[in-house]
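*Asks:* Dumping the structure here so I can ask a few things about it.
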Amino acid sequence: SVEDASLSDRFHLDSAGTQGYHEGDLPDSRMRQHAFQRGLNLTHICRRIKPSDFDDFDLIIGMDASNLRNLHAAAPSPEAEAKIIGMAELLTPPMSRYDHVPDPYYEGAEGFELVLDLLENGCQNLLNQLSD
């Protein structure tokens, strides 16, 4: 993680959705439980992406095709749109067989575990790329 690598002062990380379904809520309780079992404490309040995010962040990562379409539609300029990538682009074997990060909302425990596996793989690969 960024903290484990002592790089917290170099990165500003945030999470936002492309729809406002759960705006103002904590993340899904099942995801919080599965993440906590991995030592992750998800306490952020859900919010929707806003135009200023494209100015405030160097990289905007979408989880699936729908997220990516919504992000491209929300980008205020071609320069902002160039900041958008899919999480699947960051995955390495064995996770690279996935072309998106699935929404675990209607899945059982294995769905949340898969999403966490994919995100840990992609985020670690991104951190490795950025800290080289």
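The values are calculated or read from the model by the stated rules, or taken from the named source; none is laboratory data. Nothing here was measured: the structure is a model prediction, and the numbers come from that model. When we count neighbours, we look across all protein chains shown, and the Cβ atoms used for this are built from the backbone with ideal geometry, even at glycine. Side chains included, ligands, DNA and RNA excluded: accessible areas come from the protein's heavy atoms. Shrake-Rupley method; radii C 1.70, N 1.55, O 1.52, S 1.80 Å.
*Asks:* Highest GNM mean-square fluctuation, the chain, Cα pairs closer than 10 Å: which of 39, 24, 86?
*Replies:* Highest fluctuation of the listed residues: 39.
*Asks:* Springs between alpha-carbon pairs under 10 angstrom, Gaussian network model over the chain: which of 42, 116, 91 fluctuates most?
*Replies:* Among 42, 116, 91, the largest mean-square fluctuation in the Gaussian network model of the chain belongs to 42.
*Asks:* What length, rounded to one decimal in nm, is gained on full extension from residue 98 through to residue 46, with 0.36 nm per residue of separation minus their alpha-carbon distance?
*Replies:* The residue 98-residue 46 span can extend by a further 16.2 nm.
*Asks:* Moving on to the next point. State the percentage of accessible surface on the chain attributable to carbon and sulfur atoms; use a 1.4 Å probe and exclude ligands, DNA and RNA.
*Replies:* Whole-percent figure for carbon plus sulfur exposure: 51.
*Asks:* Using amide H atoms built in the peptide plane, which far-off residues or other-chain residues are under 5 Å from residue 17 H to H?
*Replies:* Those lying under 5 Å, H to H, from residue 17 are 47, 48, 49.
*Asks:* Kyte-Doolittle mean at least -0.5 and Cα extent at least 18 Å along the axis: which DSSP H helices of the chain qualify?
*Replies:* Both cut-offs are met by 109-131.
*Asks:* Taking only protein heavy atoms and a 1.4 Å probe, what accessible area per residue, in Å², does the chain have with all protein chains in place?
*Replies:* For the chain, the per-residue accessible area is 64 Å².
*Asks:* Related question: May I ask you to compute the full-extension gain from residue 66 to residue 36, defined as 0.36 nm times their residue separation minus their alpha-carbon distance, rounded to one decimal in nm?
*Replies:* That pair, residue 66 and residue 36, stretches by 8.1 nm at full extension.
*Asks:* Moving on. Could you grab the relative contact order for the stretch 41-132? Cα pairs under 8 Å, six or more apart, rounded to a whole percent.
*Replies:* For the stretch 41-132, the relative contact order is 24 percent.
*Asks:* Could I have the simple spin-label model distance between residue 25 and residue 85, label points 7 Å from Cα toward Cβ, reported in nm to one decimal?
*Replies:* 3.1
*Asks:* Also, I was wondering about something else. Nothing charged except the Cβ atoms of Lys and Arg (+1) and of Asp and Glu (-1): what's the magnitude of the dipole of the chain about its Cα centre? Round to the nearest 20 debye.
*Replies:* 200
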